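The values are calculated or read from the model by the stated rules, or taken from the named source; none is laboratory data. For clarity, every value in this text was computed on a predicted model and none was experimentally measured. Cβ placement follows ideal geometry from the backbone for every residue including glycine, while neighbour counts extend to all protein chains displayed.
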């Protein structure tokens, strides 16, 4: 073969190899995990490629879109919303959504993210527009649930499911924020004053109750002490009276047993006389009528003793 013919054959082989490579590239399609490929044939939807290795007809089939099937998160910038009491608040939202139908997400809506953003704005204005500012600030869950329900119902035909809606922030105007801050400070001061007054009242009540109980206990203790003292005095008096009665009885019994005569009684009577003079208050003596009889008996006793001597 001549050199020119060899060169022609080499060029043909190279071109054939290039065509084979191009053919293989156009035929084999690798779809990543959690993605779906939308295939068009002659500009019309033909099939949906799952994740993994796929084969298509080269130069006829075209993988037009690669749709992400994972849950996506998109944050929308703050939007001004007018409340029922004509106050403008700025609300920014976060949407969690997922494509469930790649074909619908491709052909039913041109840009489903932009559509979700616009639908979120209008729905949020409708929901918050029927609330006062205070109600909107304290009803995040209600707004989230209402917004999610409206979005999920509208995006279902687009092959998109809205899983969750969150309000990142509800920012009232600065003047309203200052007024609310002053109101909260006043409420906190009011609650602190009420709690302080309640504490002082409870303290006074407890102190009074304690003093009352202490007074009652002291009175009961004094009463018990007086009762016990009186009972002790009574028992002592009874015992003294019983002792004196026993002593008198024993003395009387001893005298009765001794059978004393008149002389002995007169002598005992004279021995008791000095005791009558004891004490500084005994200045006047009153002698009983029996005293003369006792002296007479004693005189007779002494005269008899002298005669015997």
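Please determine whether any residue of the range 12-29 is within 27 Å of residue 71 (Cα to Cα) and under 60 Å from the mean Cα position of the chain (by Cα).
Here is the first cut: in the range 12-29, the ones within 27 Å of residue 71 (Cα to Cα) are 29.
Those still in the list that are under 60 Å from the mean Cα position of the chain (by Cα) too: none.
The answer is no; no qualifying residue exists.
Just checking, does the range 6-28 include any residue being within 19 Å of residue 102 (Cβ to Cβ), loosely packed, with under 15 Cβ neighbours inside 10 Å, touching a strand residue (DSSP E or B) at 6+ places or on another chain (Cβ under 9 Å) and not assigned by TED's automatic domain parsing to the domain that holds residue 108?
no
Can you find even one residue in the range 193-206 that is in a helix (DSSP H, G or I) and either over 32 Å from the mean Cα position of the chain (by Cα) or in contact (Cβ under 8 Å) with a residue 12 or more places away in the chain (or both)?
no
What's the number of the only condition in (1) free of Cβ contacts under 8 Å to residues at least 12 places away in the same chain; (2) more than 54 Å from the chain's Cα centre (by Cα); (3) closer than 25 Å to residue 151 by Cα that residue 80 fails to meet?
Every condition holds for residue 80 apart from (2).
When you check residue 223 against the structure, is it out of contact with any helix residue (DSSP H, G or I) (no Cβ under 7 Å at 6 or more places or on another chain), at pLDDT below 90 and outside any helix (DSSP H, G or I), yes or no?
Answer is no for this residue.
Quickly run through the range 129-170 and pick out the residues that are surrounded by 16 or more Cβ atoms within 10 Å (Cβ to Cβ), more than 30 Å from residue 103 (Cβ to Cβ) and touching a residue at least 24 places away in the same chain (Cβ under 8 Å).
Result: 131, 133, 136, 143, 167, 170.
With respect to residue 115, determine if the residue is at pLDDT 90 or above, closer than 24 Å to residue 31 by Cα, in a helix (DSSP H, G or I) and touching a helix residue (DSSP H, G or I) at 6+ places or on another chain (Cβ under 8 Å). Give the derivation first.
Details: at pLDDT 90 or above: yes; closer than 24 Å to residue 31 by Cα: no; in a helix (DSSP H, G or I): yes; touching a helix residue (DSSP H, G or I) at 6+ places or on another chain (Cβ under 8 Å): yes.
Judged against the criteria, residue 115 is not a match.
Checking residue 19 against (1) at pLDDT 90 or above; (2) assigned to a helix (DSSP H, G or I); (3) farther than 22 Å from residue 147 by Cα, which test does it fail?
So the condition that residue 19 fails would be (1).
Looking at the range 48-73, which of the residues that are surrounded by 14 or more Cβ atoms within 10 Å (Cβ to Cβ), in contact with a helix residue (DSSP H, G or I) (Cβ under 7 Å, 6 or more places away or on another chain) and in a strand (DSSP E or B) is modelled with the lowest pLDDT?
65
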